[in-house]
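Note sheet for the following structure.
The values are calculated or read from the model by the stated rules, or taken from the named source; none is laboratory data. The shown structure was predicted, so the numbers you read here are calculated from the model rather than taken from an experiment. Positions of Cβ are backbone-derived with ideal geometry, glycine not excepted, and every protein chain shown enters the neighbour counts. Just so you know, the surface numbers come from the protein's heavy atoms only, side chains and all, with ligands and any DNA or RNA stripped out. Shrake-Rupley method; radii C 1.70, N 1.55, O 1.52, S 1.80 Å.
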Amino acid sequence: MTFAQPPRDPLGRAMYRAPIWIYRLGLGALLGERFVLLTHRGRTTGEARQAVLEVVGRNDATGAVLVASGYGDRSQWFRNIRAQPRVLFQVGNQRRRGVAEPLPPRESGRALAHYAQRHPVAAAELMRGLGHDVEGSEAYERIGSDPANGVPVVRLLPDAETVRFPDFTAPTGPGVPRPRG
């Protein structure tokens, strides 16, 4: 089975988009840390768009997440984030604002090869389904590094977390000004 083109019929598109509804129903934790809900702006309409993507890498220290564009630069979400890189993304039940940045080709290839080492069966099936011949880790590096026909990897980098205090209480402690009264 190959899915080298996104589905065009209504039923196929509905099945492709079903995971979005899992997140919308507040059940994102069911998909664990292997998937991310990406909310981005349409490049021509400016309207919010969503896609659920597989996480191919992560950095727990920075909160960064790596995702791959299986359809390369034909993916609508990929085109949209290149035009407007400000995004929202959710892994499990954790939502973050941030920036989406395509990795340079060489780094993209290494990230895809690393993913294939951690998940060899899933990576091989996905690449074959997309019409790519994969034999060995160098094949993944080649596919990830090919800017014209490959599978680019995108880093979702969260903004610095801001501390939010509940509306009904004020922060206290050293360095916090006291109200005059």
G28 neighbourhood, Cβ < 13 Å, K/R = +1, D/E = -1, net charge +3
Excluding R155 itself, calculate the net charge of residues whose Cβ lies under 15 Å from the Cβ of R155, where each Lys or Arg counts +1 and each Asp or Glu counts -1.
-> +2
Which length gain, in nm to one decimal place, applies between Y16 and A160 when the Cα-Cα distance is subtracted from 0.36 nm times their residue separation?
-> 48.6 nm
By the scheme Lys and Arg +1, Asp and Glu -1, what is the net charge of all other residues having a beta-carbon under 14 Å from that of M15?
-> +2
With θ set to phi - 60° and the Karplus curve 6.51 cos²θ - 1.76 cosθ + 1.60, what are the ³J(HN,Hα) couplings of the stretch 59-76 in order, to the nearest whole Hz, using x for Gly and Pro?
-> 10, 5, 5, 9, x, 5, 10, 9, 10, 10, 9, x, 9, x, 7, 7, 5, 5
Built amide H within the under 5 Å cut-off of L103, gap 5+ | V153, V154, R155
So how much slack lies between A124 and Q50, counting 0.36 nm per residue of separation and subtracting their Cα-Cα distance, in nm?
-> 24.1 nm
Stretch gain in nm, segment R24-R79, where the contour uses 0.36 nm per residue and the Cα spacing is subtracted = 17.5 nm
How much of the accessible area of the stretch 56-118, probe 1.4 Å, is carbon plus sulfur, in whole percent?
-> 46
Residues meeting the amide H criterion for V87 (H placed from the backbone, H to H distance under 5 Å, 5 or more places apart or on another chain) are G98, V99, A100
Please state the relative contact order of the stretch 66-162 as a whole percent: Cα pairs under 8 Å, 6+ residues apart?
-> 40
